[in-house]
Amino acid sequence: MRHHHHKGNKDKNITSLPQVPKNQIADSNSEEYEFAKELNAEYEFEKKPGFDTTGVRRKDEDEE
C-alpha cells in the first residue's frame with residue numbers, strides 16, 4: 001500500500017515578498033494620522049445608521 005506524499009504549498013509569495021521594516025511603517029502611519037486629524041477638523045461625515053458614509057460636509061457650512 002502506498003502512502004500519498006503531500007506536496008508543499010506552491011504559493012511562492014510567502015517566501016519571496018520582502019518584509020517592511022517596522023520603523024518605515026510607523027513613519028507612514030504617523031503621517032496618515034496627522035492628515036486624518038486635519039480632515040476631521042475641516043469636514044464632517046454624514047452617516048445613516050447601518051450604512052457606510054453617505055456624504056461629506058464642511059464644518060464651516062453650518063456657521064453660515
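Close amide H pairs (under 5 Å, H built 1.01 Å from N) link residue 43 with 59, residues at least 5 positions away or on another chain.
Note on 22, 59: ascending count of other Cβ atoms within 10 Å places them as 22, 59, the fewest first.
Remark: the stretch 21-61 carries a charge dipole of roughly 220 debye about the Cα centre, counting +1 on each Lys and Arg Cβ and -1 on each Asp and Glu Cβ.
At q = 0.14, 0.29 Å⁻¹ the log10 of I(q)/I(0) for the stretch 21-61 amounts to -0.48, -0.91, computed by Debye summation with a single uniform scatterer per C-alpha, solvent ignored. Normalised by the number of residues in the stretch 21-61, the average gap of Cα pairs under 8 Å and 6 or more apart makes the relative contact order 28 percent.
Each value in this text was obtained by applying a stated rule to the coordinates, not by laboratory testing. All figures in this text were calculated on a predicted structure; none of them were measured in a lab. We place every Cβ from the backbone using ideal geometry, glycine too, and count neighbours over all the protein chains shown.
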